[in-house]
Every structure is written in structure tokens, then in C-alpha cells.
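First up is the structure itself, then whatever we jot down about it.
The values are calculated or read from the model by the stated rules, or taken from the named source; none is laboratory data. Fair warning: this is a prediction, and the values are worked out from it, not measured in the lab. Glycine gets a Cβ as well: all are built from the backbone with ideal geometry, and neighbour counts include every protein chain shown.
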């Protein structure tokens, strides 16, 4: 199994999940040039990460890759105990990160996709920061009485952790969200997280 990742992108979450399985895998790191190079475009014509290759099977889209990792290595417990309820909880919080939280960063990462007038850039950023703060408050409340988003370590956690790193880089106000701060410390100290960050030059 081989993961194609760009350091610090959402693909780093898949790298952490693979570390958590304890099973062998390969990682190839890409940059903005190799992402659009002919070799990688044969794997993913969209020229984006993550992409996962397992034998003759090529998979893209972060949520799908997370599910595939969890199903391929069920002993890692990344969708819980296998019950429909725990699988649904893992899927619920993975969907929250993938469908709500990640896209909320887009106006900060690529404002040009949303506005043509540079004079509106600060207003767009302010709106994005406000939305992100609300989403992180929701996650903070979820973590009030549990160590992980789903209540158990799941596929949602590596992805959520990466968004916390983005929030720091984008200076999103997370002040007062003590549950998030404690969660971030736990994840920073995790051996699998450290291994993935070191491998991608992010440690």
C-alpha cells in the first residue's frame, strides 16, 4: 500500500492513520510541481492529494481513503469495535471534518476563488474566521467528556488534528477552547503522529 502525500496537506492525516495501523506501507511526498507532473497525473488526473495505491487499486478522496484504511486493517479499531453504532460515530465525525471544517478553510487558502475584488479580501477572511471559530467550538464541546471526537480513536482524529494545525497557521482564534488545547497536546505527543510528521519534515 502506497500513499501519495503533500506535507501538511489533508493527506498527512492518512499518513497518521497508516501509522496507527502498525502495518507496513510506503509514502511518496509530492510538492506543487510533482503534483502536476505527468507521473502523478497518471495516478490522479486531478493532480491533488491524497491518493492511495494498493496493488492495482487506486483510490482518491480523503474520506474514502480513511474508510479503506480502517476496513483493510480492522485490528487498528479506527471505526471502533465494528458495531454499526461505532462505525456511524466514526463516519459522523469524519464527515464533520471533511464536509464542514475542511471546506471552511478554502476562503483563507484560496480567496481568489471566491472574490475578484482585492478590497473584499479582509471581509472574506473575517467571515471565514468566524465560521471556523463556530465549528471549532462545536468540536470543543464534543471533546468535553471524551478524549477523541467519536469517543474512541478513529479515522476522524488525524484529519481533525491537521485542521488544528491549519488553524494555528491561519491564526484562527481558538482561545478559551481548553478541550481542543488538551486534545492538541495529546495528538502532538502521539507516537504515530510524531512518526508521520517527522517523515514529512513537519516535526
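Data table
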quantity: Residue check, residue 35 over 20 Å from residue 148 (Cα atoms) and either in contact (Cβ under 8 Å) with a residue 60 or more places away in the chain or in contact with a helix residue (DSSP H, G or I) (Cβ under 7 Å, 6 or more places away or on another chain) (or both); calculated: no
quantity: Wholly enclosed helices (runs of 4 or more DSSP H) of the range 101-170 bearing at least 3 residues touching a helix residue (DSSP H, G or I) at 6+ places or on another chain (Cβ under 7 Å) and within 30 Å of residue 72 (Cβ to Cβ); calculated: 156-169
quantity: Answer from 9, 76, 17, 39 - the residue that is under 21 Å from residue 188 (Cβ atoms) and over 14 Å from the mean Cα position of the chain (by Cα); calculated: 76
quantity: Out of 176, 201, 151, sole residue that is at positive phi and surrounded by 15 or more Cβ atoms within 10 Å (Cβ to Cβ); calculated: 151
quantity: Options 70, 39, 51, 91; residue that is closer than 13 Å to residue 4 by Cα and surrounded by 19 or more Cβ atoms within 10 Å (Cβ to Cβ); calculated: 51
quantity: Residue ID - surrounded by the fewest Cβ atoms within 10 Å (Cβ to Cβ), chosen from residues in the range 54-67 that are in contact (Cβ under 8 Å) with a residue 12 or more places away in the chain and under 21 Å from residue 96 (Cβ atoms); calculated: 60
quantity: Flag if residue 182 is farther than 20 Å from residue 105 by Cα, outside any loop (DSSP other than H, G, I, E, B) and not assigned by TED's automatic domain parsing to the domain that holds residue 8; calculated: yes
quantity: Verdict on residue 125 being within 29 Å of residue 178 (Cβ to Cβ) and modelled with pLDDT under 95; calculated: yes
